[in-house]
1. Using a Cα distance threshold of under 25 Å, what count of lysine pairs results for the chain when pairs must be 8 or more residues apart or interchain?
2. Most fluctuating residue of V37, V55, V47 in a GNM of the chain with Cα springs under 10 Å: which is it?
3. Which residue fluctuates the most in the chain, going by a Gaussian network model with Cα springs under 10 Å, if the choices are L42, L53, L15?
4. For the chain, what class follows from the C-alpha gyration tensor (a ≥ b ≥ c being the square roots of its eigenvalues): rounded when a/c is under 1.5, otherwise prolate if a/b is larger than b/c, else oblate?
5. Obtain the nm distance between the two label points defined at F63 and R40 by a simple spin-label model: each point lies 7 Å from its Cα along the Cα-to-C-beta direction.
6. For the chain, what is the calculated [θ] at 222 nm in deg cm²/dmol (nearest 500), taking -39500 (n - 2.57) for each run of four or more DSSP H residues and dividing by its residue count?
Amino acid sequence: MYTMTPDEVFIIDKLPKHKNIIIGAGFSGTGFKTAPVFGRLLSEMAVGVEPFLDVSHYRLSRFDSKEKM
């Protein structure tokens, strides 16, 4: 069983109303090979450092649209 987002892309973001909570989800099936990169991104976000990669594509807000994926 996989945990996937509707668009099958990871989520890496902060909760909108709770900026001290960092989300990293939807890694099923690929988590073992992407863990080092996403671990670094999430840890940089947690300590307030600008992530070394652009994470805008992985934002939770991409699901705000009313359109079906």
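Values quoted throughout were computed directly from the atomic coordinates according to the rules given, and no laboratory measurement underlies them. Note that the structure is a prediction, hence the values are computed from the model and not measured. No Cβ is skipped: glycine too gets one built from the backbone with ideal geometry, and neighbour counts run over all protein chains shown.
1. 6
2. V47
3. L53
4. Cα axes put the chain in the oblate bin.
5. Each label point is offset 7 Å from its Cα along the Cβ direction, giving 2.7 nm.
6. -7500 deg cm²/dmol
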